[in-house]
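Asker: Can you read through this structure? Questions will come right after.
What follows is calculated from the coordinates using simple rules that are stated; it is not laboratory data. Please read these numbers as outputs of a predicted model, since none were measured by experiment. Cβ placement follows ideal geometry from the backbone for every residue including glycine, while neighbour counts extend to all protein chains displayed.
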């Protein structure tokens, strides 16, 4: 079983499904989207990041994240066991109960580690937690089938309708993704499809094509959410030493 | 110097400066938006001063309450009055600071006459920032039910009638003083009516003439009386810090007005808007609190036309003051709570939420009757008290919980040599350190409560309050001034600040000394004495790698709980100096800075002279797990023991407020905290990016409000240091 390293956890998340939620981010993704706003989540290996503008202690820096108070030095990717994740999720149970919230697994691509995700979600369910998964659906259909009974709400991305354009922007074709979307519809899964609209890249005709396709496979408009593109992650590319591929955002 | 003498000197020094703090604010200032003073309506300040001198001389041999009564009556009869045609109500008159200021000067003279006065001066030098005690005359909630039911004339008559059965000269003297000030208040209303008439405010004039003669019958009269009373009490020298349970006090007036066709919803709303505006214009820097909601005597949540109107107005006016209290509990319907949280979602954060269940339990433990508990309000910022049954006096002493940390390292003295507690040997490990800390803290609390008691024992001589006391039905029944225990309940509060700094320090000692063995206890003491000089790396480890309060981490939360339990048990059992007990409060308001300024470096990595943790929040920059974890940490404490109040101070990401379920999400968040035992809570709603932008472009954010620590201010009114402090706290929470 492939086990991911974990990125930070967001408590009281309000955009990752209904209610107040705790969102866990896995590190590792088979896609490489040009506009990726979490570049630290692409590689599945640990990565050091340095934010020079935040550094206030250059003279005494020991290259130890634990001693860096300003977050100028950051290690992305730490192991976290399933019991530890569940324990963290359990902390905010009172808030889920009042708000109709729960836990969300995001990334990275959670289904990249689907056998592990299945174990994790079984543990979530044993705790009685409402579960969401934020996924590109670029995964073998068996992964979706196995997760179906464990996921209360799916938050799949639909990045481009045209297979070639999908490959150009994300590095992979979208055949599997479309198959999995159909599978979710067929299974009657509760879902909210997210469509990022990147100006000059996946807007206009591209967005219209996506809407048309989703309708054609039986997804209702109210289950589709367009997301605004933000190019705020540029400093992270630099900190990680990765080439910045983010398209410009017209001001 | 003997201990008692020292304490006395410290007490007088503290009273002196507390008076300064109390009278340093708006009493002298004209209201915002212009005074509208009628110069010909009374005497100039110099003439009033002469009159006051003559009164003081004539009654020098009698109890001070006589002088005070005559001062107030002279003020009401001769002061110059103001009225503005644009306003619905009158609220301000000139020289309203005179009687209060004279009492303050009296405290000062009294303090300076003490032979120990060389110790006087700034309070920080008197006790080196460990604590201070004072007569707290700046946190009261009047008996609004009596005031509105009787009016000035009725209040005077009540005292007159009670005098017939009075048994002692003291009782008769007190009741005569009450009668005299309220008779004068009636005359003031008549004089004020004439000025209002002259200024073209016939409706206002008519209402003033009416309340001079009889209890109010209309909403306009009732609200005008509330403002006249407010000004009268503050002129006496005690701040009114709760305008009472608004929706219960005024709803009958409102309904009668509508039924009789005197007002419409819209015209009543305009009246309430002007009432709010008068309170806002008063310019009190810490704000005026108004109560709403809560369970009634049958246990049914109160929500009526006025609750609805007031929150609607609060949302529309978008002002930092008045600040509203909303009481809710398990039985409060979702729709009601969400109408209030909608204001927060819109950035109107000048609202504090109080938990019916936990406060009910708190009051029961303090021996208050079920009938009285339903009448509770939050006074000042978030200090619970029973409307009309107690003064509250929530800041009789202020205790810096972080100070005894120094004493543990320095055999009972702080690093500057000021005695905090008994001499002690340096503890070897974290467990012994905590034990010694608690012993030092206990000794420090002993000094604070003894001094506060001393202050209160002189209360009647220094600051008798015939006007304020005359409003309380229990003071009339007992024929006793409030300073002598005339109210039904006579508690006073001792607030304790810095629990986060203490918890983090206890956890850091364990991490640095016991577990990681990076340093010995003796070395740590020397490092702190030297303010972490040349040990920056160790300091950063203490900041970053040791457990921190407010993150739902037992390693810091359990030490906090032990300190909390010890402090609450100790203070809640202490008799005070005017017939009640002290009550423990856990909050700091903005004393995190002055306390911090005189506290040496602490083991949690905090440097000397920097702020200690504020209220019950995580240390600035250390609340990495966000708001839910902060509430979980606080809920580990038995908050029904915080008899003088406990506040959770939360920064919510603006994304929550802006999300489509903003009001519902905030309501769910608040309810979760109350379900787990929270006492009261208030919120800020913003993102660090907004604050950064507001610092760079203040002109774009004229309306941006932030909640400081119990009151709201406009962002642009904060100093740069305060802005940076906010930003650091906000950024720590959103760094993940």
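Asker: Determine the shielding of peptide A:96-103 by partner chains: average, over its residues, the number of Cβ atoms on other chains within 10 angstrom of each Cβ.
Answerer: 4
Asker: Under a 10 Å cutoff between Cα atoms, tell me which one of A:233, A:207, A:67 has the largest fluctuation in the Gaussian network model of chain A.
Answerer: A:67
Asker: Quick check: pseudo-label points 7 Å beyond the Cα along Cα→Cβ at residue A:186 and residue B:346, how many nm apart are they?
Answerer: Between residue A:186 and residue B:346, the label points sit 5.0 nm apart.
Asker: What ranking do B:338, B:49 get, fewest neighbouring Cβ atoms within 10 angstrom at the top?
Answerer: So the residues, fewest neighbours to most, are B:49, B:338.
Asker: Moving on. Enumerate the residues in region B:184-216 having an amide nitrogen under 14 Å from the point lying 7 Å beyond the Cα of residue B:86 toward its Cβ.
Answerer: Counting backbone N atoms under 14 Å from the label point, the list is empty.
Asker: If the label point is 7 Å along Cα→Cβ of residue B:214, which residues in region B:173-190 have backbone nitrogen under 18 Å from it?
Answerer: Residues passing the 18 Å test: B:186-187, B:189-190.
Asker: If you restrict to DSSP beta bridges whose two residues both lie in region B:397-645, what percentage is antiparallel, to the nearest 5?
Answerer: Of the beta bridges lying entirely in region B:397-645, close to 20 percent run antiparallel.
Asker: Under the definition of partner shielding as Cβ atoms of other protein chains within 10 Å of a residue Cβ, what is the mean value for peptide B:530-541?
Answerer: Counting Cβ atoms of other protein chains within 10 Å of each residue's Cβ and averaging gives 3.
Asker: Exposure proxy check: B:334, B:220 ranked by fewest other beta carbons within 10 Å?
Answerer: B:334, B:220
Asker: Can you show me the helix-derived [θ] at 222 nm for chain B, built from DSSP H runs with n ≥ 4 at -39,500 (n - 2.57) apiece and divided by the number of residues, rounded to the nearest 500.
Answerer: -16000 deg cm²/dmol
Asker: Further question on the same structure: Averaging sequence separations of C-alpha pairs under 8 Å and six or more residues apart, then dividing by the length of chain B, give the relative contact order as a whole percent.
Answerer: Normalised by residue count, the contact order of chain B is 14 percent.
Asker: For a Förster distance of 30 Å, can you work out the FRET efficiency between the beta-carbons of residue B:365 and residue B:296, rounded to the nearest 0.05?
Answerer: It comes out at approximately 0.90.
Asker: Using the alpha-carbon atoms, what tilt in degrees (0 to 90, nearest 10) does helix B:169-198 show relative to the longest principal axis of chain B?
Answerer: Approximately 70 degrees, to the nearest ten.
Asker: Okay, next question. Given R₀ = 51 Å, what would the calculated FRET efficiency be for residue A:54 paired with residue B:569, taking r from the Cβ atoms and rounding to 0.05?
Answerer: For residue A:54 and residue B:569, the calculated efficiency is 0.70.
Asker: With label points built 7 Å along Cα→Cβ from the Cα atoms of residue B:190 and residue B:273, find their separation and express it in nm.
Answerer: 3.6
Asker: Relative contact order of region B:141-206: what whole-number percent is it, with Cα pairs under 8 angstrom and at least 6 residues apart?
Answerer: About 27 percent, as a whole number.
Asker: Go ahead and run the numbers for FRET between residue A:162 and residue A:91, Cβ-Cβ distance against an R0 of 56 Å, rounding to 0.05.
Answerer: 0.80
Asker: Compute the distance in nm between two label points, each set 7 Å from the Cα along the Cα-to-Cβ direction, one at residue A:3 and one at residue B:703.
Answerer: 5.3
Asker: Moving to a separate point now. Could you tell me how many degrees, from 0 to 90 and to the nearest 10, lie between the Cα long axis of helix B:219-236 and the main elongation axis, the longest principal axis, of the Cα atoms of chain B?
Answerer: So the inclination is approximately 60 degrees.
Asker: For every helix of n ≥ 4 consecutive DSSP H residues, a contribution of -39,500 (n - 2.57) applies; sum these over chain A, divide by its total residues, and give [θ] at 222 nm rounded to the nearest 500 deg cm²/dmol.
Answerer: My calculation for chain A gives -8500 deg cm²/dmol from helical runs alone.
Asker: Return B:564, B:460, B:280 ranked ascending by Cβ neighbour count within 10 Å, so the fewest neighbours appear first.
Answerer: B:280, B:460, B:564
Asker: Still on this model: Pairs of alpha-carbon atoms within less than 8 angstrom and 6+ residues apart define the contacts here; what relative contact order does region B:397-645 have, in percent?
Answerer: 24
Asker: How do A:185-192, B:578-585, A:138-145 rank on mean C-beta neighbours within 10 Å, highest first?
Answerer: So the peptides A:185-192, B:578-585, A:138-145, ranked by packing, come out B:578-585, A:138-145, A:185-192.
Asker: Take peptide A:80-93, look around each residue's Cβ out to 10 angstrom, count Cβ atoms belonging to other protein chains, and average those counts.
Answerer: 1
Asker: Follow-up. In whole Å, what is the distance between the alpha-carbon centres of region B:216-285 and region B:396-429?
Answerer: Distance between centres, Cα-based: 49 Å.
Asker: Note the full-extension length gain between residue B:526 and residue B:266 as 0.36 nm times their separation in residues minus their Cα-Cα distance, in nm to one decimal.
Answerer: Result: 86.9 nm gained on full extension.
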